[in-house]
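Structure first, commentary second.
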Amino acid sequence: MPRGRAASFPQQRDAILQHAARLFAERGFAGTSMNELAGAAGISKASLYHYYEDKYRLLVAIAEGHIDRLTALVDEVTAQALAPEARLRRLIARFVDEYADAHAHHQVLVQDIKYLDAADGQRIRDKERRVVAAFAGAIAAVHPGLAAASLEKPLTMLLFGMINWMFTWFREDGRLDYDDMSRLVTAFVVGGLAQVAADEA
């Protein structure tokens, strides 16, 4: 009879994923070996293969796990009975908060998605498009004129450009904390959108 999995299997698998995300973010997927991944997780290479069959499976788990958390946040916020501007503010704040705890995962998604095969890459990009569409829809709901000018998606991509790269320079030991950044990004975007909408009117 085959041995069952230990009760700690999911926790150990997740711990390995966290270490792998950090290493991939620092060194890139191509520049990280299974030996290094095992060493970072404090286990043998043989044990690592018990949890993930290869480095590629780790990449898929990191990228897809992250985008699945983001789509879940979108679903959670859009299901709430919020006024359009409140929904947009909540979406921005929740995403900044999520990135604060998962910036390595997001960096891997941005920089290493090129290593995914066609099917995995397409599936993850489709989920990314869902997230972009939700933000574009939230912007359009607040400023219909921006949608009429077909600006809601370019503005969404500008927003993600700001959020995506914030954690390449942000330092946790600096004067501002994550709550400050969430507040500043939200105010900056909401105020900027209002100005763009006024200019386009």
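The values are calculated or read from the model by the stated rules, or taken from the named source; none is laboratory data. If you're wondering where the values come from, they're calculated on a predicted model, not measured in any experiment. Neighbour counts run over all protein chains shown; Cβ positions are idealised from the backbone, glycine included.
Which residue pairs have Cβ atoms closer than 6 Å, lie 6 or more positions apart in sequence or on different chains, and pair a first residue in the stretch 145-161 that is within 11 Å of Val189 (Cβ to Cβ) with a second residue that is at pLDDT below 95 and assigned to a helix (DSSP H, G or I)?
These pairs meet every condition: Leu159/Val189.
Could you check the stretch 94-112 and list, in sequence order, the residues that are more than 18 Å from Asp179 (Cβ to Cβ) and either among the charged types (D, E, K, R) or surrounded by fewer than 18 Cβ atoms within 10 Å (Cβ to Cβ) (or both)?
Of everything in the stretch 94-112, those that are more than 18 Å from Asp179 (Cβ to Cβ) and either among the charged types (D, E, K, R) or surrounded by fewer than 18 Cβ atoms within 10 Å (Cβ to Cβ) (or both) turn out to be Val110, Gln111, Asp112.
Filter the stretch 6-65 down to the residues that are outside any helix (DSSP H, G or I) and more than 26 Å from Arg123 (Cα to Cα), then identify the one that is modelled with the lowest pLDDT.
Going through the stretch 6-65, the residues outside any helix (DSSP H, G or I) turn out to be 6-8, 28-33, 42-44, 52-54.
The next check asks that each one be more than 26 Å from Arg123 (Cα to Cα); those that pass are 6-8, 42-44.
Details: Ala6: 56, Ala7: 53, Ser8: 80, Gly42: 92, Ile43: 92, Ser44: 92.
Looking at the filtered set, the residue picked out is Ala7.
Please state which of the following conditions Ala81 fails to meet, knowing it meets all the rest: (1) modelled with pLDDT of 90 or more; (2) closer than 22 Å to Glu26 by Cβ.
Going through the list (1) modelled with pLDDT of 90 or more; (2) closer than 22 Å to Glu26 by Cβ, Ala81 breaks only (2).
In the stretch 144-182, what count of residues is obtained for those that are surrounded by fewer than 14 Cβ atoms within 10 Å (Cβ to Cβ) and among the basic types (Lys, Arg)?
Selection size over the stretch 144-182: 2.
Can you pull out every residue in the stretch 23-39 that is under 19 Å from the mean Cα position of the chain (by Cα) and surrounded by 19 or more Cβ atoms within 10 Å (Cβ to Cβ)?
Those that are under 19 Å from the mean Cα position of the chain (by Cα) and surrounded by 19 or more Cβ atoms within 10 Å (Cβ to Cβ): Leu23, Phe24, Ala25, Phe29.
Out of everything in the stretch 56-93 that is surrounded by 17 or more Cβ atoms within 10 Å (Cβ to Cβ) and of a type in the set (D, E, K, R), what residue ends up being nearest to Val189 (Cα to Cα)?
Here the answer is Arg89.
Would it be correct to say that Ala104 is in contact with a Lys or Arg (Cβ under 6 Å, 6 or more places away or on another chain), under 30 Å from Lys55 (Cβ atoms) and either part of a helix (DSSP H, G or I) or among the charged types (D, E, K, R) (or both)?
Details: in contact with a Lys or Arg (Cβ under 6 Å, 6 or more places away or on another chain): yes; under 30 Å from Lys55 (Cβ atoms): yes; either part of a helix (DSSP H, G or I) or among the charged types (D, E, K, R) (or both): yes.
Yes; evaluated as a whole, the condition is true for this residue.
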